[in-house]
Structure formats: C-alpha cells, structure tokens
1. Could you tell me which numbered condition R172 fails, if it satisfies all but one of (1) modelled with pLDDT under 80; (2) of a type outside the set (D, E); (3) in the same structural domain as S103 (by TED's automatic domain parsing)?
2. Identify, by number, the condition in (1) surrounded by fewer than 24 Cβ atoms within 10 Å (Cβ to Cβ); (2) closer than 14 Å to V243 by Cα; (3) under 24 Å from the mean Cα position of the chain (by Cα) that R172 doesn't meet.
3. Counting just the residues of region 92-107 that are in contact with an Asp or Glu (Cβ under 6 Å, 6 or more places away or on another chain) and surrounded by fewer than 23 Cβ atoms within 10 Å (Cβ to Cβ), which one comes out modelled with the highest pLDDT?
4. State which residue is modelled with the highest pLDDT when the search covers only region 38-52 and only residues that are under 11 Å from H135 (Cβ atoms) and of a type in the set (V, I, T).
5. Could you list all residues from region 273-300 that are farther than 22 Å from P250 by Cα and outside any strand (DSSP E or B)?
6. Answer yes or no: is there a residue in region 231-244 that is touching a residue at least 60 places away in the same chain (Cβ under 8 Å) and either surrounded by fewer than 19 Cβ atoms within 10 Å (Cβ to Cβ) or within 31 Å of the chain's Cα centre (by Cα) (or both).
7. State which residue pairs qualify: first residue modelled with pLDDT under 75 and inside region 293-313, second residue among the charged types (D, E, K, R) and exposed (fewer than 14 other Cβ atoms within 10 Å of the Cβ) in any location, beta carbons under 7 Å apart, and separation of 6 or more residues or different chains.
8. Considering each residue of region 142-161, count those that are crowded, with 23+ Cβ neighbours inside 10 Å and either outside any helix (DSSP H, G or I) or over 21 Å from the mean Cα position of the chain (by Cα) (or both), and give that number.
Amino acid sequence: MIAVVGLSHRTAPIALRERIAFDAPRTIELLSQARNYQTVTEVMLLSTCNRTELVAAGDAQTPVDLLTKELREIIVARVPETDGHLYLHGGSAAVQHIFRVVSSLDSLVVGEPQILGQFKEAFDLACRQGTVGNHLHRVVSRALRTAKRVRHETLVGSGQVSVPTVALDLARQIFGDISGHTVVLLGTGEMGELVARLLQQSGARLIIVGRNLQRVTELQERYQAEGRPFDTLESSLSDADVVVTSTSAPNAIIDRVLVKRVMRKRRGRDLFFVDVAVPRDINPDVDSLEGVYRYDVDDLAAVVTRSLGSREKEAERGERIVNEEVARFERWVEAEQVTPFVRALRQHFLGALHRELARSLRGRLKHLGDPERLHLERMIDAAINKLMHEPTMQLRKWASQNSEELEQATSVLDDLFGLAKASQEASPDSADELEPVESSSPEAVTKENIA
C-alpha cells in the first residue's frame, strides 16, 4: 500500500513551505523518525523549493487511511501550521500523484527537468539510509519510466523551461532587453549555475557572489562573469540593477537594514530582487522600502500562467500517458497478489519431486556421480518451470481482471493440494522468478537513463 502526504505551491504559500523545507541532515533525521511508526515499512522524503512530501509504503494489512494519518502526524508534529494545507493520497491516487510529480506535470513550471533529478536524489538518499524496499523500488521504477514516456512522446518539456528561465522572463518584462544591465547572482549551486548560463546568453553583465570562492571562480571562468567574495555583498548590491538569489541558507541573508543602506548609495535607482530560493534569501520586510521590488517563487506563478498556453495540449497528452501507466501498474499489482499462492504451488510440486529424487538416489540410482545428480535436479527445476508457466499466466490474468475464476481456481487448488497455509507464509517479494521483468535493485532504478 502506497501513500503520499505533503504540501506544494498549489496548497501552501511560500512563507509556510520554507518552514517545512528539509536539507539532507534533517531529511535523514525525519526518515529515521518515520520508520518508528508502526504502519510505515518504507519511506522517502521529497523536499524542493515548491513541495515537501513523504512517500511511504505499508504492508498489505495496513489500512491506507491509517498510513496517511500517521504520515500527516509526522509533518504536523514538525510544523503545526501545515495542518489544513496538506494533501493526503493513498493507493492508486498516491501512485498517480507520484507519476505526475516525476513527469513534471505538477510543477510550478510544467515540463521543467529539475524535478526528475531532485526525485532521484531523494530516492538515493532513502536507499542509503535503508528506508526503502521492494514496494517503493517498484513504484519509483514505474514513475521514472512514465517520466521518460512523457518527455519523449510529448513536447511538454520542449525549449528552456525552469524557474530560472521564468525569473529571466520577469527581468525582461522589467527592463525589456537586459543586455548591458548589471545582474548580481547570489548563490553558486545547481540553480545558480542555471541562472548564470541564461544570463550569459542574454548579454547582461554578471557578478557572481558566494561564500565558496573555489566555486565562484569556477563559474566566473565558465560564464565570463565577475566573481566576488560574500563579504562584498553590500557593495555588489549597490552596483546591481537586478539581484537573483538562490542560496541554500536556512534563513534570510538580505533584510531591510542592509537594503536601506544600499539604497542610500544608489541615488534613487530602483533595485529589483528575484528570490528563487526556499527558504527565501530575502526578508519580505524590504518591500516597505521605496524603489525596492522583490519577487519570490510564488510571484513567478503569474509569469508562468501567461506562458502556459502552448504547453496545455502537450500537458494533456502527458496526463493521458500517466493515466495509462497508472492503470498498467495497478493491473500488475493486482496480478502480483497471486504470487504467494503460485509460489506455494510450485514449491509443493518441487518438494514432492525432489523428495522422490532423493529416495531414488539413495536406492536404485545411488551409483550416479555428482554431475549426473546435478543434471537430474536441474531437469526437475526446468520441467516445473515449464509446467507452471501457463497456470501462472492464467492466474495473473484472472487477478488483473478481478475475475471470479481466480477465487474458484485457488479454492480448487487449495482443496487438492492444501496450499492456503503455505501461500500465506510465502513472501511475494521472494518469488523473483515469477515476477515480470521489473528490477527491484536500487542501482537499476537510480542509474536508469532518462535522457
């Protein structure tokens, strides 16, 4: 059973989202805490600038509403104000939500590619912490496959689409042509580099300010920019027409006091801030200063809305692909319900044949050497695999169709061979030889080539 509980740009303002944003150490702490809950057997946490959500799996006996209830408690315990802003999805709705998120159909900028990498990183971190197993591996594998289909079969991600591109569009709306204007970039991470690349192409004068001087130098050389250390922040703001911030600082690093000093030196020149960080780099109290204009990721939504027209039809095609993949996944899950029973039937036949073989090897066939004995064992295994193929496919077909024939067939087989107890004890996750081609290893999922 899969469940998702979280909030996003659709349900909560940035002032609340920044309070529930998690860096890696806090994510590890939360994953450990979540595993202490009785219903949570597997869990991962996705935390980006526009969403924070727990994705979890429980065992087959766990009611989905109980699983979502406990996930909600985990988040609300951290930040009580999130209550009322959370979405709770369970079962098929949770799978659909995951597929849509990974396919960038639920992003602030539909089609942006960053969410795919962010989701993979979140999954990798959970794998390293040992908080995911076969259920989440399979869901994630199907989600990545869905994202690949959406990307390759639609134009929803065509062109340059991301929060940085929207930020640059906003700057163009303010200045028209921004070539010749001075842009200060504060932050040298992945988002900062995307901004730097776009600004280089726009012809603006770019000043990169950061605490990591090695990284500042690297970006300075790569994008023909001017690099400055963080202690020059105030003077750099004085030089700027536009300031784009994208640091990972836990609190605001630009506030009203600092900007007020900067504005005295600017002699009436307006100053525009575009803050794409969550938590925000710029305190909203700067809005009270004359000539200062601040935009954060929620303000970018209006720009996004105006640019969505050409993507709406492609997004609709993406939604259809998601629905197809969710239906396919649900059919597979339903078919997997017979795996313990099929495994029990297979083990019943194997056990009987191997016992007879062992008896013969102690009697009439005791003269056989090890190579001949091994050959007989392999022959039995191969014969059982062939005999079980058609019954297995038919049972899976009936399971995927919710057919009455499944109940009748399993009842008859149980009466004939006494399989009920054995099938309950058999683990579906251990029956790998009966599963469709579907890897459950972390490496297979995390190294999947989506490009």
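The values are calculated or read from the model by the stated rules, or taken from the named source; none is laboratory data. Values in this document were obtained by computation on a predicted structure and should not be read as measured data. Cβ sites come from the backbone with ideal geometry, for glycine too, and all protein chains shown count toward neighbours.
1. In the conditions (1) modelled with pLDDT under 80; (2) of a type outside the set (D, E); (3) in the same structural domain as S103 (by TED's automatic domain parsing), R172 misses (3) alone.
2. (3)
3. It comes out as R100.
4. Among them, the one singled out is V43.
5. Once the filter is applied, which keeps residues that are farther than 22 Å from P250 by Cα and outside any strand (DSSP E or B), region 273-300 yields S288, L289, E290, G291.
6. yes
7. none
8. Here the count works out to 2.
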